[in-house]
1. Evaluate the relative contact order of the range 35-138 (contact order divided by residue number), counting alpha-carbon pairs under 8 angstrom at least 6 apart; express in whole percent.
2. Counting other Cβ atoms within 10 Å, keep those with at most 14, restrict to DSSP loop, and tell me which trypsin sites (Lys or Arg not before Pro) in the range 37-85 are left.
3. Could you give the length gained by full extension between ALA55 and ARG26, i.e. 0.36 nm per residue of separation minus their alpha carbon distance, to one decimal place?
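Please treat every number below as a calculation from the coordinates, not as lab data. Everything quoted here is computed from the prediction, not taken from an experiment. Neighbour counts are summed over all protein chains in view; Cβ atoms, including those assigned to glycine, are modelled from backbone coordinates with ideal geometry.
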Amino acid sequence: MLEGSSRPSPVAGRPPVLADLFPAARDAGGPVEVRVGTDFDVAALPEAEARRVIALLAHREPYPIGAVLAHEEGWLFLLPPGSAAGLSWPAPFGYLDRGVLRVPPVPSAGPVFNDAGPLRWIRFGTPERRAFTAPLVLYAVAPLLVRETARVGAVACGARPARFSLSGRGVCHV
C-alpha cells in the first residue's frame, strides 16, 4: 500500500474484500493510489473482451469473478498476489504484478455505481463480496478470447500481447 498505510488485515477465516485491500479508498473523496504486487495483482483486458468473460462466467457457481475496475486502459480484474507464477497470459490479456494503480473510492454504504468517467468500479466482488477473481478460471478462458479475437481480425494469432501502462509508473508484464 502507499506510504503511511498498513497492510490490509482481513478478518480471519475469510478472503479479503475491497475495504480490506484498499483501506485508504474507503469513502475517499476521489481516486487513491495503491501499490500492486504485495496484496493483489491485476489482469487487464479491453472492455469488450472483459464483458465477454463476465458473461461467460456469470452462471458459474461459486461465482469466480471478483472486483473489476474500469480504467482508461481497459477493465482490470483483481487477482491474488503471485497469480502469474508459471503462467504466460496470452493476448489480449495484460498482467500487472508491480507498479502503482489509481482506484476509485470504495463506498462503505454498499454498491454505488458511478457510470461517468473512465475510472470506476464495474463490480465490487463476488456475491459474497470477495474481491479476488479466481485466476485459474480467468486463465482458462484465455484461449477462447484468443480464438475469438483472431477470428474477428482484431489481433493476429501469435501477435504480442498488449502492454498496459496503468499509471505511467507501472507496466503490465505478460
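1. 40 percent
2. Filter output for the range 37-85: ARG60.
3. Answer, rounded to one decimal: 7.6 nm.
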